[in-house]
Each structure stands twice: as C-alpha cells, then as structure tokens.
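Asker: One structure, pasted below without further comment.
All of the numbers you see were taken from the coordinates with simple rules; none came from a lab. Since we're looking at a predicted model, the values are computed, not measured. Reconstructed Cβ throughout: ideal geometry from the backbone, glycine too, with neighbour counts over all protein chains shown.
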Amino acid sequence: CFALRYKADLMNYKYLRLGLNANMRLVHPLRIGRSFSSTYAACFHSSKIQHDRFSSSLNSSQCQRPAMISTTFNKYPLSYNFNRLDNFLKLNTLKGLQCYQSRLYCAPPEDNDPQPEDHNMNLPATMTVPEIWPNVPVIAINRNPVFPRFIKIVEIMDKELMDVIRRKVRLNQPYAGVFMKRDDSNDNVVVKELSELYTVGTFAQIHELQDMGNKLRLILMAHRRIRIVEQLSEEEDLQTNAPGTAADTTTTGESDSPASTNGPSTLRRRRKTRKSVSSEKGASSATAEAVDVSATITPVEETAKAESTAPTEAPASGDATTPPFPIADKPTGRVLMVKVENVGYEKFVVTEVIKAVTQEIIKTIREIITLNPLYRESVQQMIQQGQRVVDNPVYLSDLAASLTSASPAELQQILEEQNISDRLMAALGLVKKELELSKLQASIAKEVEEKVRTHHRKYMLMEQLKVIKKELGIEKDDKDAIEEKFRERLKDKVVPEAVMTVIDEELNKLGFLDSHSSEFSVTRNYLDWLTVLPWGVNSVEDLAIKQAKEILDEDHYGMEDVKKRILEFIAVAQLRGSTQGKILCFHGPPGVGKTSIAKSIARALNRKYFRFSVGGMTDVAEIKGHRRTYVGAMPGKIIQCLKKTATENPVVLIDEVDKIGRGYQGDPSAALLELLDPEQNNNFLDHYIDVPVDLSRVLFICTANVLDTIPDPLKDRMEMIDVSGYVAEEKMEIANTYLTPNARKASGIEENMIELEPAAVETLIKRYCRESGVRSLQKHIERIMRRTAYLIASDGVDVVKINEANLEEFVGKPKFNTDRMYDVTPPGVAMGLAWTAMGGSTLYIETSLRPIDMSTLKEGAPAPIGTLESTGHLGDVMKESVRISYMFAKNFMASTFPDNKALLTSNLHLHVPEGAVPKDGPSAGVTIVTALVSLARGVPTRQDVAMTGELSLTGKVLPVGGIKEKTIAARRAGVNCLIIPAENKKDYADLPDFITEGLEVHYAAKYSDVYDVVFKDSS
C-alpha cells in the first residue's frame, strides 16, 4: 500500500503507533492501545529527512486517513505536529472506529484481527458526505420534519426496514431519507404508498446504530434537502448499487460492497476508480474530502454547497400541502426504497431586507432563549460560537423553525420553500409566535411562582412568629391554647358538678392525644359543644303585663285565647318571682297567625326566639342527636337551639307538629315525649352531649292544623289552645290595620297615591278570600298594590282609586259567588255545617228515592225491602254515620208516621255534593236524618236553618267540634237559624258578640228537638 521502506525497528514501532503493520497496512484499532513513549518523539526529531520522507509517503498513499495526517503535518511546525498527531491517534483509539473504517478502504482484514460486536455500532461521518446519493431507504416520521444539520433519534421496529438498514450499514452506505407523513396520527415508520408522505424531506446520515434485535435505534444527522423522484424495489436498488454503476461513482471513492466480499479483483477495481477520481480532482481532493473527526455536524459550507449545486428546475414547494409525486409503472406496496434528487435553493443576494430579517430572527431567538431555559444553553452556544452560523440565512431559517412548536404543516412549508427570502419571512413569523407563547408561559410561571413564594413566605413567617412567641411566653402550644380557650368559656357560667367532671376528664384526655389523630378532633369538637352551652345563663324577662299586652295587640288582631294565656303566664311568673317552662300547642286552620304569634310572644317576654319544623321529620337523631361514635355526629335541634340563643330560657317554636313523620330510624313523635314533658325535660339527655341538660325554663310552643294525627300521649303533655279562623269583620279590620299598610310600604306607594274603598275590601273578602285565614287576602292586597305601582310608574297617574266596580281589573274574576247551592231547598235536601283544616263550610245533603214497581212482583212474593246508596267521596266515618242515620230515620218514620212506607219500600240514593272534595267526620248525622225524613214526607225543610251534630241509634244528639268555624260559615252563607248539640252550648257562649249577633240558636239534646225546629211550619 505504501512505498515507505524503513529498516530500523524503531521506525517499525513508529508505524505501529500510527496504526500501520510491517507491510504498511492499517491495523485494527483495538490493537492500538498503548500509550506514547519517548521513543515516539525521538523518531521524529532524529532526522528532518525522515520527517520529509514520511510526509511525502503519506501524501502519496491512497488511504484517506494518512492523507489527513499528512495535511496536518504540512500545515503546522514539527513541534506542534506531535501534539496534533498524539490527540488524533488517542481519539481514534478511544472510539475504536475511525481506523477500523479506514481499514475497510485500504486492505482486507487479517485473520487474527478482532471483529467488533454487531449490537452497538457507532458510525461516524465518513470523509465526505456524498453530494449526490440517489437511492435511500425511507424513514417516515410524524409531528415535525428534520431540518439539515439537526439530529433526530428514531426507533424502527419494522422487520423489512430493519433488514434494509442493516444491509446499507454493512455496505458502508449509512444514509437514509427522512420524510414526514401527511397523517400525523400514523405512528408507523413505513408507509404503504408514496401519497402518504410529503415529497420533500432530508438526506440523513446514520451517525449511530444500536441493534436491539427486535428494533433498531438510530441517531440520524440530517445534511440536505431532497425530493422523492420515484419508488424503487429491492432488486432495482441492488442493481443500481452494484460495482461499476453510477451509484458507485457518486460516493467519491467509497465502497458499496461489504468488506467480507472484497476479493483482489474487486479491490483493484475500487483502487482504479479511486485513482481516476483522484487524478481528475487533483491534489486538492484529499483536502476537500478531509473531515474533522471531532465535529458532530457537517460544516455549513458543505451543506450549502450541496443544496446550491442541486437542480433548481423543479418547482418550489411553497406550502406544506404539495401533492405527492406521481408514480407511474413503478412498484407498489410498502415504501422501503426511493430514488431522490437534491433540492437546492434559489440563488440570492444578501440585500438589506435579508440582513434586517436575519437580524430580527437572531434578536427574537435570543429573546426566546432568555425566556425558555430549554433552549438557552444549546442555542446560545451555537449563536455565540461564530458569525459563520449566524450569517448563513439558509441555516438560520432552519434553526429558527426548529425552535418553534409550530404545526407540522407550517414546518414542512419551511422545509419545502426554495426562496430564501420567503423562507426567512416564514421562519420569522414562526419565531414571533413562539416568542409570544414563551412570554405567556413566562407570565404564567411568574404568577404561579409569585403565589407560591407568597404562601411559602407567609408560612415561614407564621412558623417563626410561633417560635418567637413561644420563647417569650406570649403563646403556648396548641393543646394548651385549646384548653385555655375552653376554660375561659366556662369562667362566668354555673356548670353542674357532673358536667364539670366530664369536661375535666375530656381535657385531660385531650392532652395525651396526638393533635393529628382523628380522636383528637372528635374530643375537641365534643368539648367545644360542652363549653359553648349556656350553663346557668338566662335572659332577663320583662314581666310587665301592660307592655306585653300592647306588644301582642300591635302585632296581631283577635286571637284573644292566645293573648289571655300568655298574659296569665306572665302574671304567674310575676307573683312567683321566677318563671317555669310551659308547653303550649296552638291548633287551627292555616293562615291565622299561629307561627307569627310565637315570635310576638318572645318579644313580649324579652326572650330569645328559636324555631324549627318537624314536618316530615323521620329521624329521631334530629331531636336527640347522633352518638359520638358516628363520623360527622352532631347534637339534636334542642342543643343547637341553646347554642344559638346562648340562654337557658328561650322561646322554642316546634312547627307543624301534626305532620311529623315516621321512618325506619324511629318515631320522632316518641322522642318529643321526653322533650315536652315538664317532669322529665329538666334532665334532658342528648345522645351526643351525653350529660343532663335542664330545659325546664324553656317555653315550648307547638303549632298544628289538626289534632287527629297527634299521638294522644304527646297531646296529653301539651296545653291545647284553639286558634280559630276569622270572620269577615275580623278580616276587614286586619286588612285595614295590618295588611294594607305593609303591602303599600313594600311596594313603595305613598298613602296619598291610592284610595282603597272599604266596599272593595269587603267584596275582596267575600268573593275572593273565603278561607279562615288571611294569607290569601294578603296575597290579593299585594297584587292590588303591584298593579297600582305599575299604573303610577307607566301612565303617570297621581292617585289610583280602587272600588267595587273596578276591582276585577286588579285581581281578576271572582272565585265565589255564593255559599248556598239552593236559594230554596226542595224536599229531600238539608243544609249542614262542616269543619275542615281550612275552616268551616256549609254542607248540603241530597236524597232521592226510586219506588219499586209492585206489578213486577210475583203473587205470594214477600214485600220488597228498600236499599240505600251513598256517593260523594265519603270517608269511613261518614259512611258509618249514613248507615246509622238511615236506620234511625226508618225507625223515626215508623213511630211518627206509621202509614208512610217510603223509606222501607223504596231504593234511596244519598249524595253529598262536591264529590272531588273528601268528606269525613262525625257531625252530619242530624242533617242526614232530616234529609231522609223530608224526602219521605215530601216536605221541604225550613229555608234559613243550618244544623250540625252527630246522632246515635237511639236519637241522641252528640256534641261536635269547630263550633266557631261552623258559626262563621253559617253567617257567611246568610243563615239566620242555627241548630247545635246541647252539650256545645258552652262553646257557643264563648263566641264574640259580633259573630253571634242576629243568629237564632237552638240546642238539641235529641232528634225530636231538631224535628220541631226544621218542620215547624209543616202539618
């Protein structure tokens, strides 16, 4: 290989140090590992002639590695060459690759040379990356294209492509084409057809290959832009790369055949080829092909040269949506190999515009790397290394695009653009967008960091403050502070001894518990409830009877029974000098003021007020609390009441006690028995508190609409006070005194802006609001005020007058015309009185008979027996009353009118009108008998009479309830005569005079008394 002939052993040793054997062949790098010695230096200093002969011999050789060494020796002085050569050989020895690759070019391997492993192969850059390499394997990538002079790591798991890559590497053709896929969601590195790829990609060198068996890991170094010309089959690729073909001449002397197949003829052919190429290029070819082994990227000048010398006749791909290159009569199927051509850029002149754009890109990149630490070290180093990179617009546009997180289509547009000016402008737009994104990211990061820093600083200062206070004795530990807080609460309270014992035990227990344990939290909450209760704390009551009466009259009209009972309670407390709790129950129809009067009572007594409703309650724990063993346990409503009011003598309103529910958790009404029992509630035991609590000073007020659903034991513990409905006169007074002023004030209307005539209010009460309460009346008055406000605001009316004539314009059509179905009652119809939860009302009983046709009876057949059918949505109690009344009516007619057989031989039908309304209750017996007797006799009853009372089988009239409501209903219907049971005489006597005024009342002890009044004028 070389013409050097040195006889001295010293020179042979020198050659060995250079990687040459005795025959001047390059030795495998693993055999070059010993350190340099003084002999190495002496061999070059011994003679200048030897140095010249050595250099000339190296220059005359065809091996590219000695040519590179020769260039180094000729360029620098001898003293520098030793260090230079030393570093060069050390680098080759450590890497173990460069001389091995030179051996492939210079000579076949010796038999005893060790072979490198196949699993990890470092493939450094060859002497010169070929300017033209037409056939390359296709590596399809997604997301971002690879720009020239940038590195990308790719993992290949496709077996066919792995075989192609291995074969190319063995042939010393470590090159591939990297193209981006159009479908970003496709993760395969091999596509089925070329239409799935962008036609413009990059020519990349396989810098490092790691073979893991089932996959290959490649480090690709991109060099230049290429364009797909056509798809190649594996056979076409093998023919193209055969020795002596065009591909063999484009490698600038590099071999395409595996080293293991190099025979003498093949070696001579390669040497001839390299000799011809070398002679054509001249002496400068060695220098042009030399590569700095420490470089990791191809020099800018070489890539620029490759791009600039590429054909420019092909149209520029101005955008990333360039259609795929048409393939005709070519292989189809999976794309493994393609034929490519270089894509150059249009010639350009560095104008002022290009300089300005370049400087703006550099400025923007510097701003980006100052904001984003990910690019700071690498990019800043590349920019500051020299103006060679910065002043190259071709590389600068690629660098700018690679720094951005733009879309794949935008990056592909940069890769395909051949006009440098347009490429720079597009790259500038992308880096500007990236700069704004980096600014936003930096702003968010700064805001978050500032927030975290503030919280951290606050936390550190608070911890330091705790330590300082603890050292100065200003602040104690958390447990000590908690215990001190609890004892401070109990300072001015009269805590029972049993309760204080429990508190002390829990405080001692708290001191031994870990502050982060769950039991610590349970104990602390329990102590918090125990110490917050008002032990021995009472409100100072106002026991002035006169002042209390004024307050009650100020808030409510009527309700004399309630007011009288409260005043009696105050009088007793005033005489005893102390007050005791009571349990009152206000029952009556809705809307009469049962709930609101409780608040007035609290104000009159100067007590705290607390209200809770038990309507629909099904859980006993709502009243008596949960046990502390449950998670989230709390005391019952009564203990919560004491905590909120902070007194032991509040006024507690238990609303809707008649609607309490019952569930699988228990019966809450049974839990109320202990609470509302004066003999037991002085030691009320809540499940959570678990210590006796005195409730004997609490004034309990319950409200209910009906008494039938209240259990008798609970009813027995309460003092029942009937709150009856209002008559028209009372409603009129309430409307004028309370409802109208409040509604006018709520609507923002002055007193002089509206004139509401009394006749209009009276019509409103009689024809719109007939219920016992005043809630509906309040709604109608508020509706009138809203309409008045609208007229004043929209039409500019100064005064709005409401009278009976224009009342319909404000509240609509009337709902009731009269309470009487019959102006004149026919035979078989009687008017009764009923009581419901909504108040009293009139109730008509209608009867009719259908005689039996005697002609249809057979001779000798028994006499027919009459039947009775009842309709009208009647309840069980009322159905029983109908049967009893029917039986008594037949007996009464048989004793009084023996000849009248109508009730015995006729089919009767009894009906109660308004069938959609359920009717039940024992108060219609006398009315049913009267209707049947009137039907049997064919005589109508007295027209202005109404009656109520239940009847027994013997004709005794039994007492009923709701006398006041029934009397009010009779007056509302225009009845002048009223028949009630004799035992209800005391109830009627308690009624106010304005209710009983003008009424003729008859008290009946037996039905004959009713008969004498109803059929007085009949013979």
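Asker: Taking every DSSP beta bridge with both residues inside region 829-1014, roughly what % is antiparallel (nearest 5)? All intermediate terms of the calculation are to be shown ahead of the outcome.
Answerer: Details: 17 of 31 bridges.
If I count the DSSP bridges inside region 829-1014, around 55 percent turn out antiparallel.
Asker: Which peptide among 203-210, 925-932, 840-847 comes first, and what is the full order, when sorted by highest mean count of other Cβ atoms within 10 Å?
Answerer: Ranked by mean Cβ neighbours within 10 Å, highest first: 925-932, 840-847, 203-210.
Asker: Between D528 and K1006, what is the spin-label point distance in nm, taking each point 7 Å from the Cα along the Cα→C-beta axis?
Answerer: Between D528 and K1006, the label points sit 7.4 nm apart.
Asker: Taking the highest mean first, how do the peptides 882-892, 733-743, 707-717 order by number of other beta carbon atoms within 10 angstrom per residue?
Answerer: 882-892, 733-743, 707-717
Asker: Sort L220, L533 so that the residue with the fewest other Cβ atoms within 10 Å of its own Cβ comes first and the one with the most comes last.
Answerer: Ascending Cβ contact count within 10 Å gives the list L533, L220.
Asker: Could you run the Karplus curve 6.51 cos²θ - 1.76 cosθ + 1.60 with θ = phi - 60° over region 957-962 and give me ³J(HN,Hα) per residue in whole Hz, x for Gly and Pro?
Answerer: Taking θ as phi minus 60°, the curve returns 8, 9, x, 9, x, x Hz for region 957-962.
Asker: Would you please give the residues with an amide H less than 5 Å from that of Q231, counting only those at least 5 places away or on a separate chain, with H modeled from the backbone geometry?
Answerer: K339
Asker: Using Cα-Cα distances under 8 Å and only pairs 6 or more residues apart, what relative contact order does region 728-811 have, in percent?
Answerer: Relative CO of region 728-811 lands at 41 percent.
Asker: Now for a separate question. Any idea what the dipole of region 864-963 comes to, in debye rounded to 20, about its Cα centre with Lys/Arg Cβ at +1 and Asp/Glu Cβ at -1?
Answerer: Dipole magnitude for region 864-963 comes out near 260 debye.
Asker: Just to confirm a number: summing +1 for Lys and Arg and -1 for Asp and Glu over residues other than G177 whose beta-carbon lies under 12 angstrom from that of G177, what do you get? Present the calculation step by step, with values, prior to reporting the outcome.
Answerer: On the way: positive: K168, R224, R225, R227, K339; negative: E341.
With Lys, Arg at +1 and Asp, Glu at -1, the neighbours total +4.
Asker: Also: Output the peptides 418-425, 685-692 sorted from most to least packed, where packing is the average of other Cβ atoms within 10 Å over each peptide's residues.
Answerer: On the way: 418-425: 19.5, 685-692: 17.6.
Highest-to-lowest ranking by the protection proxy: 418-425, 685-692.
Asker: Here is a follow-up. Hey, fewest Cβ within 10 Å first, where do K608, K446 land in order?
Answerer: K446, K608
Asker: Taking R0 as 25 Å, what's the FRET efficiency between K347 and E230 from their Cβ-Cβ distance, rounded to 0.05?
Answerer: That pair, K347 with E230, gives E of 0.35.
Asker: If we count other beta carbons within 10 Å of each Cβ, what is the order of D899, D1012, fewest first?
Answerer: Sorted ascending by nearby Cβ count, the order is D899, D1012.
Asker: So who's got an amide H within less than 5 Å of the one on I754, skipping anything under 5 residues away but keeping other chains? H placed 1.01 Å off N, in plane.
Answerer: Those lying under 5 Å, H to H, from I754 are V800.
Asker: Chymotrypsin sites (Phe, Trp or Tyr not before Pro) within region 782-818: which are DSSP loop residues with at most 12 other Cβ atoms inside 10 Å? Please list the in-between numbers first.
Answerer: Values: sites: Y790, F810, F816; in loops: F816.
Of the chymotrypsin sites (Phe, Trp or Tyr not before Pro), the ones in loops of region 782-818 whose Cβ has at most 12 other Cβ atoms within 10 Å are F816.
Asker: Would you give the gap between the C-alpha center of region 559-628 and the C-alpha center of region 753-816, rounded to a whole Å?
Answerer: The two parts, judged by their Cα centres, are 35 Å apart.
Asker: To continue, here is another question. Given the pairs K181/K347; K608/K637; K890/K1006, which are separated by over 18 angstrom at their Cα positions?
Answerer: Those over the limit are K181/K347.
Asker: Another question about this same structure. Which ³J(HN,Hα) values, rounded to whole Hz and listed in residue order, are derived for region 941-951 from phi using the Karplus coefficients 6.51, -1.76 and 1.60 in 6.51 cos²θ - 1.76 cosθ + 1.60 with θ = phi - 60°, glycine and proline given as x?
Answerer: Each residue of region 941-951 in turn: 7, 4, 6, 9, 10, 9, 9, 8, x, 9, 10 Hz.
Asker: Pop out the ³J(HN,Hα) list for region 704-711 in order, Karplus 6.51 cos²θ - 1.76 cosθ + 1.60 with θ = phi - 60°, rounded to Hz; leave Gly and Pro as x.
Answerer: My calculation for region 704-711 gives 7, 8, 10, 9, 5, 8, 7, x Hz in order.
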